[in-house]
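For reference, the structure is listed below as structure tokens.
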Amino acid sequence: RRLACSLSLSLSLPTGPCSRAELEAAMDSSKSRLISAAPFPAFSRLNPRLSECISSDYCLPYFIQFLEYCKGLSLLHFLFACDTFREVGRTADAELHTDCGRDCGTDCNHAIGSPTQSIKSSIQRDALDIYVRYISLNAKSPAISFPENLRQRVENQISVEGGHVRYDCFDEAVEYVRQCLSSSYLPRFLDSSFCTSYRLEILQQGPVLADMLLWEPALLPLMEFLEVHGHGHHVLFWISVQAFQGHLNAVGFTSANLDDVGGDAIALYDTYLSLQARKPVHYGRIIRGIVESSISPDDGIITPDAFFDCPAVLLPLHGQDVF
């Protein structure tokens, strides 16, 4: 209640009378539009994770060139082969279950040449091809060095009686290769000229403010640039919001830290959002109202997303102006 009283003094109301219900409806509508139209990304494309390296249309070509240069391209080929096998195998399993009318395991017998037996044989051939090409001791693609116990477990799974090979038989091997890529190849890729070329392509595409904010090597020069052009406080506000959300996520909101959390929220609001803000970011009445409602809720519990909308609207408000 103390927070609500202090914040209500600086609430910017529309011209003319406006009920609380009308204000809440406007805030809800604005919040919905912001969440759906401009969600703030969780990571920077300038610092890709392994999942982005092997799935992004922009990053994958550069990662392929890097792996080819390092003679490690077979690791990626193995992941793609196993991914295709898993999808095909999952579909085949569904067909087998439909055909059997029950849980189809090694006890489900079919005549040789039947459609079900044909599906099993095809899946087993595909599994053996992957094993011979990438996992066996005499593998055609020797860049992957699997531990012997892992190799044996995979071999046992694809050499089952009845020929019913499970679609997840390579999952353990896939996880091993992903860990190998993450620990041995990804760090070198991020420091390579291949990744530099990828980053240049990203920077040339268009608005990249979020990517620069979320990648520390780009954040520092960006702050210097924005400071020269009078926008430095926008980045400082974003950093402060991230720190506030991270702290609240870590410690939670309890009666013991009520004053500390509430004080931090009010300090952020007073510095950047209130009508008397020392470093105003000019989000307008609706966003200001949403934040006020979030940091002075009826139940007194401030949530980590109290300033959720503000980072999202940083992009359309300032991204194009800056770049």
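The values are calculated or read from the model by the stated rules, or taken from the named source; none is laboratory data. Bear in mind the structure is a predicted one, so any value in this text is a computation, not a measurement. Neighbour counts are summed over all protein chains in view; Cβ atoms, including those assigned to glycine, are modelled from backbone coordinates with ideal geometry. Heavy atoms of the whole protein, side chains included, go into the accessibility calculation; ligands, DNA and RNA do not. Shrake-Rupley method; radii C 1.70, N 1.55, O 1.52, S 1.80 Å.
Checking L76 against (1) modelled with pLDDT under 50; (2) in a helix (DSSP H, G or I); (3) among the aliphatic types (A, V, I, L, M): exactly one of these is not met. Which one?
(1)
So, of the residues in region 289-298 that are more than 17 Å from D260 (Cα to Cα) and open to solvent by 30 Å² or more (accessible area, probe 1.4 Å), which turns out to be modelled with the lowest pLDDT?
That would be D298.
Out of all the residues in region 161-183, is one or more at pLDDT below 95, β-branched (V, I, T), under 19 Å from C53 (Cβ atoms) and buried (at least 16 other Cβ atoms within 10 Å of the Cβ)?
No: region 161-183 contains no residue that is at pLDDT below 95, β-branched (V, I, T), under 19 Å from C53 (Cβ atoms) and buried (at least 16 other Cβ atoms within 10 Å of the Cβ).
Among the helices (runs of 4 or more DSSP H) contained in region 119-211, which hold 2 or more residues that are in contact (Cβ under 8 Å) with a residue 12 or more places away in the chain and over 33 Å from the mean Cα position of the chain (by Cα)? If you could, list the steps in order and put the result at the bottom.
Details: elements: 148-158, 171-180, 186-190, 193-203.
Because the criterion is at least 2 residues that are in contact (Cβ under 8 Å) with a residue 12 or more places away in the chain and over 33 Å from the mean Cα position of the chain (by Cα), the helices (runs of 4 or more DSSP H) in region 119-211 that meet it are 148-158.
Being surrounded by 14 or more Cβ atoms within 10 Å (Cβ to Cβ) and outside any helix (DSSP H, G or I) is the filter here, so list the residues in region 212-250 that pass it.
Hits for region 212-250 are L214, W215, H231.
Using the structure shown, decide if S182 is among the hydroxyl-bearing types (S, T, Y), in contact with a Leu (Cβ under 6 Å, 6 or more places away or on another chain) and more than 30 Å from F225 (Cα to Cα).
Values: among the hydroxyl-bearing types (S, T, Y): yes; in contact with a Leu (Cβ under 6 Å, 6 or more places away or on another chain): yes; more than 30 Å from F225 (Cα to Cα): yes.
Judged against the criteria, S182 is a match.
Residue under question is Y283, and the condition is that it be modelled with pLDDT of 75 or more and either in a loop (DSSP other than H, G, I, E, B) or open to solvent by less than 60 Å² (accessible area, probe 1.4 Å) (or both); does it hold? Reasoning before the result, please.
Details: modelled with pLDDT of 75 or more: no; either in a loop (DSSP other than H, G, I, E, B) or open to solvent by less than 60 Å² (accessible area, probe 1.4 Å) (or both): yes.
Taking the combined requirement at face value, the residue does not satisfy it.
When both residues are 6+ apart or on different chains and their Cβ atoms are under 8 Å apart, which pairs have a first residue that lies in region 30-56 and is within 21 Å of S74 (Cβ to Cβ), and a second that is exposed (fewer than 13 other Cβ atoms within 10 Å of the Cβ) and at pLDDT 55 or above?
none
Can you pull out every residue in region 184-204 that is open to solvent by 30 Å² or more (accessible area, probe 1.4 Å) and of a type in the set (A, V, I, L, M)?
Correct list: L190, L200, L203.
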